[in-house]
Amino acid sequence: VEHRQLALGNRRLLDESGLHAGDLASKAQAWEAEGRTLSWLIEQAPKPQVLGLFAFGDSLKPGAEYAIRALHGKGISSHLLTGDNRGSAKVVAEALGIDDVHAEVLPADKAATVGQLKRDGVVAMVGDGINDAPALAAADIGIAMGGGTDVAMQAAGITLMRGDPRLVPAALEISRKTYAKIRQNLFWAFIYNLIGIPLAAFGLLNPVLAGAAMALSSVSVVSNALWLKTWKPSDDQQEAP
């Protein structure tokens, strides 16, 4: 701008440029304590200096607190991974009851943090931005929020139809129920064959009965799977934000 090189970025940009906040330091600290995301405007050349400070604020989605509480009820711990400053991340974590906070992390750092958490168990990552894509791909289960970036949805294994945090515990619940149905269907399929094949081998099973048993096996498996259509999330999960 008019032969001046300007840059806008977070605290890391300020530190890497070797500049000090000066009179804006106290204001920045106060805004961080309020949960604001800060962007510093600096001049890099010809005279390196801090020109100004912007503070941005996000409101929590109505279903976020419920989602965290529901996950904790299922014995699932929660972690917040964000590129925002520690002050704003701490405010959000305290408001939602999130267990651990990882603030001021780059996209690669998010993926590395997910890799570390995988040493202790299965990790699901929820995100919607370009910066979340590496972590979504690194997680055991990547969950992209509807309305997010295409990159995030491509990297994730699950894409929620709406950007509602309450759908996260609902997705895990229907996944568990689906897995349970698969196990039940495999059990009944094996039982039919375990009983029917030896009887047929010894000539003790009429072909007509064998055909009927096979049809009944298919009907029972399909009918059991169709019970999933009766499942609905709780009222809190169904409400739109």
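General remarks:
- Accessible surface of the stretch 2-146 [probe 1.4 Å, protein heavy atoms]: carbon and sulfur percent: 50
- Spatial offset of the stretch 180-219 relative to the stretch 24-76 amounts to 61 Å, using the alpha carbon center of each.
- Pairs exceeding 28 Å between alpha-carbon atoms, taken from K110/K177; K61/K232; K61/K90: K110/K177.
- When the Gaussian network model of the chain links Cα atoms closer than 10 Å, the mean-square fluctuations of L204, L172, L38 top out at L204.
- Share antiparallel - DSSP beta bridges, the chain, percent rounded to 5: 55
- Note on the chain: semi-axes of the ellipsoid equivalent to its C-alpha gyration tensor, largest first and rounded to whole Å, are 55, 18, 14.
- Modelled spin labels at L8 and D150, positioned 7 Å past Cα toward Cβ, are 2.6 nm from each other.
- Helix content alone sets the calculated 222 nm mean residue ellipticity of the chain: runs of n ≥ 4 DSSP H residues at -39500 (n - 2.57) each, divided across all residues, give -15000 deg cm²/dmol.
- Shape of the stretch 187-226, Cα gyration tensor, a/c cut at 1.5: oblate
- 12 Å beta-carbon shell around S78, net charge (K/R +1, D/E -1): -1
- Mean projection of the Cα convex hull over all viewing directions, computed for the stretch 57-134: 5.2 nm².
- Whole-Hz ³J(HN,Hα) from phi, Karplus 6.51 cos²θ - 1.76 cosθ + 1.60, for the stretch 147-159, glycine and proline x: x, x, 6, 5, 4, 5, 5, 5, 6, 7, x, 10, 10
- Comparing I143, L81, T230 along the charge dipole axis of the chain, the residue lying farthest to the positive side is T230, per the Cβ-charge model.
- Top of V221, V126, V92 by mean-square fluctuation, Gaussian network on the chain, Cα under 10 Å: V221
- The chain: most fluctuating residue of F187, F202, F56 per GNM, C-alpha cutoff 10 Å: F202
- Here the average projected area of the convex hull drawn through the C-alpha atoms of the stretch 16-62 stands at 3.9 nm².
- Å² of accessible area per residue within the stretch 73-143, as computed with a 1.4 Å probe and no ligands counted: 50
The values are calculated or read from the model by the stated rules, or taken from the named source; none is laboratory data. As the structure is a computational prediction, the values presented were derived from the model and not from experiment. For neighbour counting, all protein chains shown are included, and Cβ atoms are generated from backbone atoms with ideal geometry for every residue, glycine included. Accessible surface is based on the protein model in full, side chains and every heavy atom, while ligands, DNA and RNA are left aside. Shrake-Rupley method; radii C 1.70, N 1.55, O 1.52, S 1.80 Å.
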